[in-house]
1. Which condition number does residue 132 fail, the rest of (1) closer than 23 Å to residue 95 by Cα; (2) assigned to a helix (DSSP H, G or I); (3) polar (S, T, N, Q) being met?
2. In this structure, does residue 172 turn out to be in a helix (DSSP H, G or I), closer than 24 Å to residue 80 by Cα and touching a Lys or Arg at 6+ places or on another chain (Cβ under 8 Å)?
3. Just give me the residues in segment 100-128 being in a helix (DSSP H, G or I) and either in contact with a strand residue (DSSP E or B) (Cβ under 8 Å, 6 or more places away or on another chain) or open to solvent by 60 Å² or more (accessible area, probe 1.4 Å) (or both), in sequence order.
4. Take residue 53 and decide whether it is without any contact (Cβ under 8 Å) to a residue 40 or more places away in the chain and crowded, with 16+ Cβ neighbours inside 10 Å.
5. Within segment 158-201, work out how many residues are closer than 30 Å to residue 214 by Cα and among the acidic types (Asp, Glu).
6. Restricting to segment 210-239, what's the tally of residues that are farther than 30 Å from residue 136 by Cβ and either open to solvent by 50 Å² or more (accessible area, probe 1.4 Å) or aromatic (Phe, Trp, Tyr) (or both)?
7. Output the residues belonging to segment 1-57 that are outside any loop (DSSP other than H, G, I, E, B), among the hydroxyl-bearing types (Ser, Thr, Tyr) and at pLDDT below 55.
8. Pairs, please: C-beta under 7 Å, at least 6 apart or cross-chain, first residue under 22 Å from residue 160 (Cβ atoms) and in segment 213-227, second of a type in the set (Lys, Arg) and open to solvent by less than 60 Å² (accessible area, probe 1.4 Å)?
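The values are calculated or read from the model by the stated rules, or taken from the named source; none is laboratory data. Everything numeric in this text was worked out from a predicted model, so none of it was measured. Every residue, glycine as well, gets a Cβ built from its backbone with ideal geometry; the counts of neighbours run over all protein chains shown. Ligands, DNA and RNA are excluded from the accessible area calculation, which covers all protein heavy atoms including side chains. Shrake-Rupley method; radii C 1.70, N 1.55, O 1.52, S 1.80 Å.
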Amino acid sequence: MTNTPTQPPEHYFPRPPADDEISLVDIALILVRRWKMMAVIFLVVVLAALAFALSKTDTYRYVSIYNVAERQPSGSSGVGVLEAPKSVVSKIENYYFDAISADILEAKGLARFSFETQAEAPDNVAFLTISSEADEDSAALVKEYHQTLLDTVKQDQDQLLAKRKNTLEQQLQSAEESLEAAKQSTSESAAELVATYTANIVDIEQDLAYLAEGHVQRVAAQSRVPVGTSKALIMALAIVLGSMLAVMAAFIAEFAGTVRKASQQRG
């Protein structure tokens with residue numbers, strides 16, 4: 001019977017030395033050898049960030065608030081509005097922004113605004129907001145723009161309120177005339193008609209009492225602190241980025257030097 005030769009276990013074979021492994025001591029030596037290059041890269045990044053931060057103009061948020069015209073709440077709703085704030089915002093975005101911007105830019109001889117403006121309407125409230133982000137040099141222009149927008153919104157709301165009031169007054173007059181006619185009637189249903197018209201008059205008068213004009217609550221109020229990325233955050237990010245780039249550059253330079261030495265030896 002022929003014996004099949006067996007190979008010794010794998011651990012009997014000697015392992016080749018791991019020349020490609022790197023220890024913490026090697027890493028520290030690389031950083032020490034390349035400290036000058038690392039310092040230069042770190043300073044370049046930090047100084048560039050410092051120059052950018054110092055030249056950066058602070059931007060503030062300017063907010064205007066408009067309370068829409070109100071009417072008697074319907075159903076269980078706690079707030080009754082003549083026109084939903086979101087509908088007013090839609091008008092602002094689709095009509096007023098473009099028309100008013102064109103008029104102001106033409107009057108000022110400008111090509112475009114240096115700031116962006118948006119209108120918002122929070123849920124379940126009777127007001128809307130207009131906000132812009134701009135530097136202090138543009139504060140006067142922002143205020144003029146906001147004021148013109150608010151005046152336009154209020155003018156439109158006043159017209160709606162006048163129409164609603166006129167309609168209610170006509171209904172009230174008609175109900176009062178019908179009430180007088182019912183009082184003078186001798187029909188069997190006269191008493192029932194009097195009660196009905198009286199209730200209608202009370203409801204209409206209540207609707208009229210609830211009507212309230214829309215009004216401007218705030219015009220381009222400036223935020224207390226600048227918005228956007230602060231200068232302190234820019235510098236903190238620059239320090240972190242500069243440190244990372246410096247370390248990466250040190251290892252890349254060390255790798256390039258090793259490759260260059262190996263190629264010279266083989267050549």
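1. Condition (2) is where residue 132 drops out.
2. No: the conditions fail for residue 172.
3. Matches in segment 100-128: 103, 106, 107, 108.
4. Spelling it out, it is not the case that residue 53 is without any contact (Cβ under 8 Å) to a residue 40 or more places away in the chain and crowded, with 16+ Cβ neighbours inside 10 Å.
5. 3
6. The number of residues fulfilling the criteria is 2.
7. 12
8. 214/154; 216/154
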